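Below is one structure; the comments refer to it alone.
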Amino acid sequence: MDKDLVKELNDLAQVDVDAYHAYAQAIEAIKNTEIKEKLMSFQHDHVKHIENLAETVKQLGRQPIEFSRDFKGFIITGYTDSRAQFDRRCGCFKSHGNKRKHYKYPV
């Protein structure tokens, strides 16, 4: 069994766990229903990634990570929170660059 492969899979899952929590924070701060629903969709994508990666790790006979933030996740969440306090539009989109969209709706 390839320990490096399992570590990589668990590291990828951790990125999704941290993103999930950052989205939860942004969703809580957003008032616009349409944007909130879009962010919830992105968050759901992360849950699916976590589930798929965990299943692969289990199939390899190893233990997947727990669904909790690591130190880096707390830093990301703190950054998201500070950005959201300063500028809600930046705070809600910063944590997921490849899905960033320019919405014309008030946040």
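Just so it is clear, none of the values below were taken in a lab; they were calculated from the coordinates. Please read these numbers as outputs of a predicted model, since none were measured by experiment. Virtual Cβ from ideal backbone geometry, glycine too; neighbours counted across all protein chains shown.
With the highest mean first, a sort of the peptides 55-67, 9-21, 36-48 on other beta-carbon atoms found within 10 angstrom per residue produces 9-21, 36-48, 55-67. The HN-Hα couplings worked out from phi for the range 7-24 by the Karplus form 6.51 cos²θ - 1.76 cosθ + 1.60 (θ = phi - 60°) are 4, 4, 4, 5, 5, 4, 4, 5, 4, 5, 4, 5, 5, 4, 5, 5, 5, 4 Hz, whole numbers, x standing for Gly and Pro.
Counted residue by residue at 0.36 nm each, then reduced by the alpha carbon distance between them, the extension gain from residue 44 to residue 7 reaches 11.0 nm.
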